[in-house]
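These notes concern the structure reproduced below.
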Amino acid sequence: MTAQPSTQQAVVEAKDIVAGYLPGVNILNGCSLVAYPGEMIGIIGPNGAGKSTLLKAMFGLVKVHSGSVMLGDQDITNLRTNRLVEMGVGFVPQNNNVFPSLSIEENLRMGLFLRPKKATERLAAMWDLFPVLHDRRNQSAGALSGGERQSLAMARALMMEPSVLLLDEPSAGLSPVRQDETFLRTRRINKTGVCVVMVEQNARRCLQICDRGYVLDQGRDAYTGTGRELANDPKVIELYLGTLAEDVDAERTDTL
Ligand SMILES: Nc1ncnc2c1ncn2[C@@H]1O[C@H](COP(=O)(O)OP(=O)(O)O)[C@@H](O)[C@H]1O
Ligand SMILES: [Mg+2]
């Protein structure tokens, strides 16, 4: 899927979001993003641009002062997180995204606390997607490597069969090979029918693998387009990809 079919209903849409952590200090200043069925959306931009804040605003963790967040035709602006999970929004924060003292299987069961009767079926689906987690299901999550922890966090969010999965920098802190694996696994998950909205610091790779991207700058969506359009846009290259592009190209393998 490349261009967004405008007649199709969005899976999730943030419209003109103004939001922040402190009264009178807005971090997002009219930020918009839309994801259509089947899409994988990347959000890139400099540190402090508000990328994480946008995901948190969509997941009820940051107060939205104006604008709206829609899930299909339902207004989910400022709903509580547990309600959003129930309605089909999954969120994987960048850090502290597993319970280290619980086992892998217990972590996954926690992900389904709202619907325990489906545990067997959902666990089987997760073991299928993440065989390494199955092999180590009785070990504590604290013993996992960075990449495995990210897999577990993603699997936990997927237990509830979300229609949209919000991911904050899933490849951060991983080696280039593990980053590649994370991107490819995320794409595979997307292909199972989950809409993915991911923030990424590995901007070029993110644009290569996503259907569409948004460049955030100072709390606004500065540029948007297909991954390919953005990756080849001279303004985006100059401002946001820059020398990073060469580094990422150099570490590119033939896995994509
Ligand atoms: N919990 C918080 N309380 C107050 N300000 C915050 C908090 N988290 C982030 N900020 C501020 O919001 C701005 C955007 O942060 P963030 O959304 O984390 O940026 P990004 O993810 O694009 O690097 C930054 O100026 C940051 O200092
Ligand atoms: Mg961030």
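Per the helix-only calculation at 222 nm, which mean residue ellipticity applies to the chain, given -39500 (n - 2.57) for every DSSP H run of n ≥ 4 and division by its residues, nearest 500 deg cm²/dmol? Show your work: numbers first, answer last.
Working: 10 runs with 87 residues, N = 256.
It comes out at -9500 deg cm²/dmol, rounded to the nearest 500.
Mind checking the alpha-carbon convex hull of the stretch 1-84 and giving the volume per residue in Å³? Walk me through the numbers on the way to the answer.
Numbers: hull volume 8.5 nm³, N = 84.
Measuring per residue, one finds 101 Å³ for the Cα hull of the stretch 1-84.
Assuming charge only on the beta carbon of Lys and Arg (+1) and of Asp and Glu (-1), the dipole of the chain about its Cα centre is about 780 debye to the nearest 20. In percent, rounded to a whole number, the relative contact order of the chain is 25, using alpha-carbon pairs under 8 Å and six or more apart. Percent of Cα pairs in the chain per distance bin of 10 Å, from zero to the largest separation: 7, 31, 37, 21, 4, 0.
Straight Cα distances below 28 angstrom link Lys118 to the lysines Lys56, Lys191, with same-chain residues fewer than 8 positions distant left out.
Run through the DSSP bridge list for the chain and note the antiparallel percent, rounded to the nearest 5. Intermediate values should be presented prior to the final figure.
Numbers: 22 of 39 bridges.
Taking every DSSP beta bridge within the chain, about 55 percent pair in antiparallel fashion.
Against the compact-protein benchmark of 2.2 N^0.38 Å, the Cα-based radius of gyration of the stretch 119-224 scales to 1.13.
Once both labels are positioned 7 Å from their Cα atoms along Cα-to-Cβ, the gap between Leu102 and Arg228 label points is 4.3 nm.
Here's the list of lysines a cross-link from Lys235 could span, going by alpha-carbon distance under 23 Å and ignoring same-chain residues fewer than 8 apart: Lys51.
Got a sec? Charge dipole of the stretch 1-96, +1 on Cβ for Lys and Arg, -1 for Asp and Glu; which of Ile17, Leu54, Gln94 is way out at the positive end? Selected residue: Gln94. In a simple Cβ point-charge model (Lys, Arg +1; Asp, Glu -1; nothing else charged), the stretch 144-202 has a dipole of about 180 debye relative to its Cα centre. Rounded to 0.05, the FRET efficiency of the Met110 and Gln8 pair, given R0 = 51 Å and the Cβ-Cβ distance, is 0.90. Across the options Leu184, Val34, Met70, the greatest Cα extent toward the positive end of the charge dipole of the chain (unit charges at beta carbon of Lys, Arg, Asp, Glu) belongs to Met70.
Bear in mind these aren't lab numbers, they're just calculated from the coordinates by the rules spelled out. All values derive from a computational prediction rather than experimental measurement. Cβ sites come from the backbone with ideal geometry, for glycine too, and all protein chains shown count toward neighbours.
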